[in-house]
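Heads up: the structure comes next, in structure tokens.
The values are calculated or read from the model by the stated rules, or taken from the named source; none is laboratory data. Treat the numbers as computed from the prediction; the structure is a model and nothing was measured. For neighbour counting, all protein chains shown are included, and Cβ atoms are generated from backbone atoms with ideal geometry for every residue, glycine included. Remember, those area values only see protein heavy atoms, side chains included, never the ligands or the DNA or RNA. Shrake-Rupley method; radii C 1.70, N 1.55, O 1.52, S 1.80 Å.
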There are 2 protein chains.
Amino acid sequence: MKEIETLWSEVRDLSLGYSGRVERVNSPLTPLQFLRDFVSQNKPCIISNAINHWPALSCWTDDTHLIRALSSVSVSLHLTPNGRADALAPFNPHHGFAFNSASSSSTEASTTAATSLCFASAHVERVPFPEALSLISSGSRDRASIPKFVAYAQQQNDCFRLEYSALASDCDPHIQWATEALGCLPEAVNLWIGNQHSETSFHKDHYENLYAVVTGEKHFLLLPPTDVHRLYIKEYPAANYSYSWVTGEFTLELENPIRYVPWCSVDPYPSPETKDDEMSKFPLYVNGPAPFECTIKAGEILYLPSMWFHHVRQSPDERGRTIAVNYWYDMQFDIKYAYFNFLQSLHYQSTLNSTLHEDSDSDADSGPYV
Amino acid sequence: MKEIETLWSEVRDLSLGYSGRVERVNSPLTPLQFLRDFVSQNKPCIISNAINHWPALSCWTDDTHLIRALSSVSVSLHLTPNGRADALAPFNPHHGFAFNSASSSSTEASTTAATSLCFASAHVERVPFPEALSLISSGSRDRASIPKFVAYAQQQNDCFRLEYSALASDCDPHIQWATEALGCLPEAVNLWIGNQHSETSFHKDHYENLYAVVTGEKHFLLLPPTDVHRLYIKEYPAANYSYSWVTGEFTLELENPIRYVPWCSVDPYPSPETKDDEMSKFPLYVNGPAPFECTIKAGEILYLPSMWFHHVRQSPDERGRTIAVNYWYDMQFDIKYAYFNFLQSLHYQSTLNSTLHEDSDSDADSGPYV
């Protein structure tokens with residue numbers, strides 16, 4: 001269906017450009033500018049100098065302030081063997097299996113074409129904040145040797161206003177010009193404290209997202225909603241990691257009863273060993289226009305428009321951490337969203353083969369993609 | 001392709017509603033409200049009490065002021081036999097033909113299935129304003145007998161700021177909150193003086209449109225861009241009316257060399273005689289959701305979003321006239337526009353048969369529709 005490929009081009013011709021670069025502005029936007037030039041057009045941008053006044057920019061770069069503020073608070077710590085939570089992982093379809101960190105490289109996760117994939121969620125544990133911070137930072141430093149796990153303090157449930165309320169005065173409670181533009185306060189504000197081993201696989205959110213980096217850097221790959229077929233969204237069975245502090249091992253078990261999660265199949269950074277295989281499985285991704293690529297530095301905000309697919313990696317500061325705060329504002333479910341759903345509902349020939357929960361043309365209800 | 005019909009429903013489910021009514025607000029919008037709730041969502045609205053301060057509201061309801069201001073000005077007067085300019089009309093494909101007003105009812109225009117249709121533009125003549133006003137008003141009163149023609153003073157070339165500059169102080173030069181929202185002044189401001197016999201066939205414009213009625217009423221039928229296939233856009237050969245003041249007859253001649261204009265085939269108000277035929281030709285129009293229907297009264301503004309299909313009729317004031325001023329602002333050619341072009345590029349089975357310039361599946365370049 002060449003019309004879909006024309007759409008990928010046209011949205012770049014008209015609005016986004018082909019440079020693969022995200023537009024940058026050097027000061028906070030007015031609400032009207034933000035609405036007119038970015039939200040209404042569903043177009044990302046990077047805003048510099050928008051959080052210069054946040055105390056967090058200086059006081060979150062050393063441990064003293066954070067630990068004092070949160071000395072008696074427990075926070076949600078996400079543990080995975082390899083930094084990939086909410087991501088595809090290989091599993092044995094017949095039973096859960098031990099997943100030792102020593103054998104958990106992402107390489108192995110996709111070497112065998114016959115391996116079944118699941119949608120793996122992290123082991124989540126409430127941990128006293130000082131300990132969580134230490135686990136994140138030491139994970140950053142120790143990774144050259146074999147680490148036990150990758151720790152990521154985050155919880156996408158408004159955690160900045162809940163678990164981290166002691167830090168409230170270090171940041172703005174909302175982004176003033178975004179709030180005025182969108183006509184509402186954020187639905188959720190989330191804090192993310194991780195190191196360079198955590199990455200977030202391609203997905204989209206049903207929110208307008210203002211993503212502010214406080215220390216370290218975040219590296220985004222972005223694809224517009226028009227490119228939905230290029231990500232080979234398929235349904236994968238949900239599974240959960242469990243970590244044993246005694247054995248230092250992870251197990252990964254399918255949820256029971258089984259639950260399917262639609263998720264992007266494309267890994268934009270496959271290991272050298274799996275690259276050829278990945279490229280042959282995802283020709284629409286490989287051969288289409290390159291994703292928009294940007295690095296958000298400390299002090300910058302990314303406006304990540306609703307429904308845009310994004311993949312995130314991070315670089316730590318000198319203490320081994322990346323800290324960011326993101327503001328999720330309700331999106332409008334308007335004609336753009338209706339168009340997206342229409343596009344997604346169209347079948348598009350792909351060459352993805354999976355042994356797992358394969359959609360078929362005769363079973364349109366099982367998922368929108370084949 | 002049931003996905004397209006789902007799109008028609010979903011845009012109503014999510015954003016527009018099924019009532020067929022356009023949202024009304026009772027005072028001028030703020031720029032942010034206008035952008036957020038209507039422009040960004042590509043959603044129409046009617047704004048009352050937005051032009052209460054215009055002198056035009058009182059001084060355009062009698063002739064004295066208008067004639068004094070424009071006594072020595074010539075204006076563009078559009079003449080048609082039946083009030084339908086920029087509309088489909090029957091023609092004899094072998095030669096131009098005399099089109100006498102006495103035999104020019106729209107009924108006859110579409111009774112014969114074998115009749116070829118063209119895209120007919122009005123005879124346009126520069127006429128001293130006082131004479132133009134008299135021809136429009138007398139046309140309104142005399143229509144019960146057989147009129148010579150229907151006159152409509154309009155020209156979509158920024159005519160309010162050109163031909164009618166003497167009236168500039170009677171209205172605002174732009175709509176303040178729209179200008180702030182859209183970040184630019186209007187590209188064109190047009191004046192429309194007509195009577196109840198003029199109507200505008202379904203079409204769309206590539207502008208954000210603020211349409212203010214000063215006297216009389218305008219009756220709109222609106223369909224969102226998602227419904228493009230329901231209007232059976234086809235290419236019709238362009239033709240032009242010529243009126244002879246001597247014989248009182250119109251001729252309608254194809255342009256030479258021939259030029260094709262894509263235009264909506266659906267007439268939403270067919271005569272009783274042709275109604276069955278029209279309904280059978282346009283099942284997607286007839287059987288899909290009803291158009292949004294609204295009447296804009298004197299003192300009200302319609303926000304008509306870019307790319308919305310609209311059909312317009314009018315009711316005169318007691319002097320036999322409808323006068324309106326519309327402001328065309330540049331639209332954003334963004335992801336919404338890219339989605340529209342994608343949708344329009346998809347073939348959709350329709351039952352329209354035409355003997356004229358029929359597209360075929362094997363000739364995709366000749367036009368997007370079959």
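Considering only the label points, 7 Å along Cα→Cβ from Cα, what distances in nm to one decimal separate B:N287 from the same position in each other copy, shortest first?
Taking the point 7 Å beyond Cα along Cα→Cβ, the inter-copy spacings are 3.7 nm.
So what are the protein assembly as shown's ellipsoid semi-axes, whole angstrom, largest first, if each one is the square root of 5 times an eigenvalue of the alpha-carbon gyration tensor?
Semi-axes from the Cα gyration tensor: 60, 31, 18 Å.
Full-extension gain between A:E187 and A:H206, please, as 0.36 nm times their residue separation minus the C-alpha to C-alpha distance.
Contour length minus Cα-Cα distance gives 5.7 nm.
Calculated from DSSP H runs of 4 or more alone, at -39500 (n - 2.57) each and per residue, what is the 222 nm mean residue ellipticity of the protein assembly as shown, nearest 500?
My calculation for the protein assembly as shown gives -5000 deg cm²/dmol from helical runs alone.
What nm value, rounded to one decimal, do you get for the distance between B:K2 and B:T247 when each label is placed 7 Å out toward the C-beta?
Going from the B:K2 label point to the B:T247 one covers 5.7 nm.
Size of the stretch B:173-320 along its principal axes in angstrom, Cα-based, largest extent first?
Each principal axis gives a Cα extent; for the stretch B:173-320 these are 46, 44, 37 Å.
Loop only per DSSP, at most 16 neighbouring Cβ atoms within 10 Å: give me the chymotrypsin sites (Phe, Trp or Tyr not before Pro) in the stretch A:6-74, ordered by residue number.
A:Y18
Let me know the charge dipole size of the stretch A:124-241 about its Cα centre in debye, to the nearest 20, where only the beta-carbon of Lys, Arg (+1) and Asp, Glu (-1) is charged.
Rounded to the nearest 20 debye, it is 460 debye.
What is the percent of Cα-Cα separations in the stretch A:2-366 that go past 34 Å?
27
Could you state the accessible area per residue of the protein assembly as shown in Å², with a 1.4 Å probe and every protein chain left in place?
Heavy-atom SASA per residue in the protein assembly as shown reads 39 Å².
If each residue of separation counts as 0.36 nm, what is the full-extension length gain between B:S271 and B:S27 once their alpha-carbon separation is subtracted?
84.0 nm
For the stretch B:1-60, what class follows from the C-alpha gyration tensor (a ≥ b ≥ c being the square roots of its eigenvalues): rounded when a/c is under 1.5, otherwise prolate if a/b is larger than b/c, else oblate?
prolate
Rounded to two decimals, what is Rg over Rh for the stretch A:131-224 when you use alpha-carbon atoms and the Kirkwood radius?
With Rh from the inverse mean 1/r over Cα pairs, Rg/Rh is 1.00.
Exceeding 20 Å between C-alpha atoms, which entries from my cross-link table qualify? They are A:K336/B:K43; A:K218/A:K336; B:K43/B:K336.
Correct reply: A:K218/A:K336.
Got a number for carbon plus sulfur as a percent of the protein assembly as shown's accessible area, 1.4 Å probe?
50
Past the 30 Å Cα-Cα mark, which pairs from A:K2/B:K275; B:K234/B:K297; A:K275/B:K2; A:K204/B:K234; A:K204/B:K204; B:K204/B:K275?
A:K2/B:K275; B:K234/B:K297; A:K275/B:K2; A:K204/B:K234; A:K204/B:K204
Given just the C-alpha atoms of the stretch A:35-89, how large is their convex hull per residue in cubic angstrom?
194
Between rounded, prolate and oblate, where does the stretch A:179-225 land on the alpha carbon gyration tensor, with a ≥ b ≥ c its root eigenvalues, rounded for a/c under 1.5, else prolate if a/b exceeds b/c?
oblate
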